[in-house]
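What follows is a short report on a single structure.
The values are calculated or read from the model by the stated rules, or taken from the named source; none is laboratory data. This one's a predicted model, so the numbers in the text were calculated from it and none came from an experiment. Here the Cβ positions follow ideal geometry from the backbone for every residue, glycine too, while neighbour counts run over all protein chains shown. Calculation scope for accessible area: heavy atoms of the full protein, side chains included, ligands and nucleic acids excluded. Shrake-Rupley method; radii C 1.70, N 1.55, O 1.52, S 1.80 Å.
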Amino acid sequence: MFSIMYQVDTRYCVWRDTLMLHVVKRDGRKVEFNSQKIADAIKGASEEIAYGLKESEIIEITKDVIKEIENRELDEITVETIQNIVEDTLASLNYGEVSRTYSNYRQERTMVREIKSDLMKAIEKIGVETDRDNANVGNNFSSKLLRIASESNKWRTVTSGF
């Protein structure tokens, strides 16, 4: 059992009053559940395709998502699990177009995260390198900055479509 306090459109509701639900972020951090993020994501997906969900519909969908989370009786839940529940809830309530848009956005964000991860690995590699065989590429602080800038520009070019 847990307590989910959520704010949707400045309205507060408390569901159960024993433990707070924590969301496990992708980096392992734990934060308190915030249903406003779910409502914002649903609204964003709706607006992306000009679907025009009413505020009351967004609130009802968010409540259904919260009920599904609550039914699982967890102390903590991953971001991915919440997102899966949002997708499933949208689809089950016949908001298929909004569900597909939400899913597409998730896929794009996953690709961007992977690219960022690759960028961070490249930057880390540059920072660790101590010797280079190529005499044209130095290993001093300035040349490392230039190489990091070059990797960053590659990343920016790749992600500019997102």
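Any lysines with Cα under 16 Å of the LYS116 Cα? List them, leaving off those in the same chain fewer than 8 positions away.
Within the straight-line limit of under 16 Å, LYS116 reaches these lysines: LYS125, LYS154.
Quick one: accessible area per residue over the range 19-127, 1.4 Å probe, rounded to a whole number of Å²?
Accessible area per residue, the range 19-127: 58 Å².
Roughly how far apart, in whole Å, are the Cα centres of the range 66-125 and the range 41-63?
16
Calculate, in nm to one decimal, what GLU80 and SER117 gain on full extension: separation in residues at 0.36 nm each, minus their alpha carbon distance.
The GLU80-SER117 span can extend by a further 11.5 nm.
Which GluC sites (Glu not before Pro) in the range 11-113 sit in a loop by DSSP (not H, G, I, E or B) and have at most 11 other Cβ atoms within 10 Å of their own Cβ? Before the final figure, lay out the partial values.
Details: sites: GLU32, GLU47, GLU48, GLU55, GLU57, GLU60, GLU68, GLU70, GLU73, GLU76, GLU80, GLU87, GLU97, GLU108; in loops: GLU73.
Sites meeting the loop and neighbour criteria: GLU73.
Please compute the length gained on full extension between MET20 and GLU55, using 0.36 nm multiplied by the number of residues separating them and subtracting their Cα-Cα distance.
Separation in residues times 0.36 nm, less the Cα-Cα distance, equals 10.0 nm.
Return a single number: how many Lys pairs in the range 24-107, at a sequence separation of 8 or more or on separate chains, have alpha-carbon atoms below 21 angstrom apart.
Counting lysine pairs in the range 24-107 gives 11.
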